[in-house]
Structure formats: C-alpha cells, structure tokens
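Asks: The following block contains the structure, expressed as structure tokens.
The values are calculated or read from the model by the stated rules, or taken from the named source; none is laboratory data. Keep in mind the model is a prediction, meaning the values are calculated, not measured. Here Cβ is always computed from backbone atoms with ideal geometry, including for glycine, and neighbour counts include all displayed protein chains.
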Amino acid sequence: MFQSARIKLTARYLLIIMIVSLLFSFAIYSGINVELNRFERLQKLRLNQLGQAGQAIIIQPSDPQMGVRGQTIQRVLIPPPDYIDPEIVNHARTRIILILVMINLSILFFSGIAGYILAGQTLQPIQEMMDEQNRFVTDSSHELRTPLTALRSEIEVHLRDKKLTLAATKALLESNLEEVKNLQRLSDNLIRLTQYESNPIAEKFEKVSLTAIVEDAVKKVLPLAKNKKITIKQQLPDVSFEGNSATLSELFVILLDNAIKYSEPKTIIEVTGQRTDHHLKVEVTDHGMGIDAKDLPFIFGRFYRTDKSRTQSQTQGYGLGLSIAKQIVERHHGTISANSVPQQGTTFTIQLPLKHPSALL
C-alpha cells in the first residue's frame, strides 16, 4: 500500500513538473522563433531598400585654391546586405527543438528520482502513524481477548458440570467478576492513554508540593506494598513547582505500583528527590528482578512487557502504565528514563521543570 501510494505521488509530482517544463520550453521556442523570423524579415527589407549591389553615387570633389567646383562621377560599389539562408534558419530551429527535448528528458529523469525520494519522505510520517495505529488495534485486540477467553472457558467448564454446586457457582462468579474488573481497568487505561495522546493541551498548572503528591500516591499503593511486606522510603526536598496534582499523583502511583509488582517480598522501594536551579529530579528505585538492556528502549511503548514479567512474576497488567506515565511527564515538559541491572533492580528517573515554560517567556 505504501509503495503504491509512493509511486502515485511520484507520478503526480512528475506530471506537474513536466507540464511546467513543457510550458516554459514552448515559451522559449516561440520567443526564439519570433526573433528569427523578425531578423529574416528585416534582412529582406534592407535588401529591397538598398537595391542591387554596385549602385552609382555622384561625388563632386572641390578645389578650394582655384575656387572651381569640378563635377566628376565616381561609381562606388555598395556591398550586398548580409542575408541569412533560410536553410540555416530552419537548421537553427531544429537544433533548438533538439536541445529543448534533451533538457526536458533530463528534467524527467532527475525529477523522477527526486520525486520518488520526496514522496517517500512525505509519506513516511503517515506510514509510521498507520503502523502505530495497526499495532495499537492488534495489541488491544490481543489484550481484550485474554480475559474474554478466560471468562468463556470458565463458564463452559461449569456448564458441562452436571453436579455444579452453589459454592462452585459463587466461585465462578467471583472469578468472572475479577476478569470483568480487569477488562474495565484495561478500557479505562486505553481511554486515558488515547486522551493524553490525542489532546496536546495540558491540564491547568498550579503550585504543587512534591512531598504531598508522593505521599498521596504512597497511600493509594500502600495496601499492595503491605501484602508483599515491602517498605516505601521517601527522601524528598520540601519544594513546590508548577504542575497538575491529579496527573502527577497518577504518575507516581503508576511507578510505585510497577515497582511493587516486580519487587521481591520484604524489599525496599526508595523515592528520592533533588532540586536544581530550574528543574526537579525524582528517582523511584526498586530491588526487583530488573529489566534486560535489550528491553529498556521499549518499556514505554504501549502493551510492552518483558518476557520475565510475563512468565516468572505472574503479575497482572497490560503494559499501559509506563506509556501513560511518559505522556504525563511529557505534558509537564519533562523527561523520564530508566536504568536497570538484571536481578538487582530498576531506577526510574523523572526530571520536571520548576516552572511551566510559558511562564518563563
């Protein structure tokens, strides 16, 4: 599809260029032809005016000393006027046409190459966007199919059980309810991520406290941490900066939830901060399984999860959290990165400006 569109766009480029080139060539040839015809007519007119070559002209020399004027006729030969042979004019016209044809063929060749390259560059962002949309639809379908398949399998198994008891039915409903919650969580994350990506307008920024935001996020994930006996330690400066408290709280909930999921029980998660002249640096460090170096460039992509997180940790999630976190940071004009050592832990580093860029103008 991309190649076909590229060829069609190249053909349109060539059509426009060749129309312009042919129009200019026609104008140039017409102008030169008019001048050749005019020059030929002027030469003929000059010949008719002067008459034949060798026309006699009377010259009257005088003798000033004798005071007598003599009358002597002298014949002066006037050279014939320059005249262009019609065959030479026609040959010049033919040469001009040949030169213009060669120029247009060269334009056609080089414009074809340049147009093909330009068409590729023009369509490349569209192709990337379409590929991203296709991946998004494919990944979404895959993630939706997983809980739906689990729901269907459990229901079919229990329907075939002729001795289904009330307790088994209750357990089935509880399991189904959990899968429905997972589906709802997935749909909510998809909607939120789509809103962040499609709406470039940031939320209303105001003065917020880093300590208050992190403490609010810690409260929300504290039950998960207690279940794994994980301790969350904070070492943050008392600093205020411009941001949106709701989305920033969501950012730290995502990072802390991610750290708890992939940390070993009875470990420590550290949240540290440091202020510079114009930025705020916050690090969230866990002591879990870590991430392989080959996976680090892709962890902020939608639905991306490493093999270890799928097979060994048995954690629940759809790989959307870090994508949402990146969108939140970027809407605050900041950056987020990750460093990890396998089997030792991962550190997520966030850098945010203390003031909104528009306030600095």
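Asks: I'd like to know if segment 340-352 contains one or more residues that are closer than 18 Å to Y196 by Cβ, of a type outside the set (F, W, Y) and modelled with pLDDT of 90 or more.
Replies: Yes, segment 340-352 has at least one match.
Asks: Look at A225 and say whether it is among the small types (G, A, S), part of a helix (DSSP H, G or I) and surrounded by 14 or more Cβ atoms within 10 Å (Cβ to Cβ).
Replies: The answer is yes for A225.
Asks: Any residue at all in segment 55-65 that's polar (S, T, N, Q), modelled with pLDDT of 55 or more, farther than 30 Å from L190 by Cα and surrounded by 10 or more Cβ atoms within 10 Å (Cβ to Cβ)?
Replies: There is no residue in segment 55-65 that is polar (S, T, N, Q), modelled with pLDDT of 55 or more, farther than 30 Å from L190 by Cα and surrounded by 10 or more Cβ atoms within 10 Å (Cβ to Cβ).
Asks: Do the conditions hold for V271, that is, is it within 32 Å of the chain's Cα centre (by Cα) and buried (at least 20 other Cβ atoms within 10 Å of the Cβ)? Steps first, answer last, please.
Replies: Values: within 32 Å of the chain's Cα centre (by Cα): no; buried (at least 20 other Cβ atoms within 10 Å of the Cβ): yes.
It is false that V271 is within 32 Å of the chain's Cα centre (by Cα) and buried (at least 20 other Cβ atoms within 10 Å of the Cβ).
Asks: A further question follows. Name, by its number, the condition in (1) within 30 Å of K266 (Cβ to Cβ); (2) part of a helix (DSSP H, G or I); (3) assigned by TED's automatic domain parsing to the domain that holds V284 that does not hold for N182.
Replies: For N182, the failing item is (3).
Asks: Of the residues F241, F252, F205, only one is in contact with a Leu (Cβ under 8 Å, 6 or more places away or on another chain), within 30 Å of L354 (Cβ to Cβ) and of a type in the set (A, V, I, L, M, F, W, C); which?
Replies: Being in contact with a Leu (Cβ under 8 Å, 6 or more places away or on another chain), within 30 Å of L354 (Cβ to Cβ) and of a type in the set (A, V, I, L, M, F, W, C) holds for just one of F241, F252, F205, which is F241.
Asks: Given the residues E197, E203, E215, which is the only one that is assigned to a helix (DSSP H, G or I) and modelled with pLDDT under 80?
Replies: E197
Asks: Quick one: which of D216, D238 is over 20 Å from I324 (Cα atoms) and in the same structural domain as T267 (by TED's automatic domain parsing)?
Replies: Result of the check over D216, D238: D238.
Asks: Residue under question is K162, and the condition is that it be at pLDDT 85 or above and either exposed (fewer than 12 other Cβ atoms within 10 Å of the Cβ) or of a type in the set (G, A, S) (or both); does it hold?
Replies: Against the criterion (at pLDDT 85 or above and either exposed (fewer than 12 other Cβ atoms within 10 Å of the Cβ) or of a type in the set (G, A, S) (or both)), K162 does not qualify.
Asks: Taking segment 276-312, which residues are over 28 Å from the mean Cα position of the chain (by Cα), among the hydroxyl-bearing types (S, T, Y), surrounded by 17 or more Cβ atoms within 10 Å (Cβ to Cβ) and at pLDDT below 80?
Replies: S309
Asks: Take S245 and decide whether it is in the same structural domain as R331 (by TED's automatic domain parsing) and of a type in the set (G, A, S).
Replies: For S245, the condition - in the same structural domain as R331 (by TED's automatic domain parsing) and of a type in the set (G, A, S) - is met.
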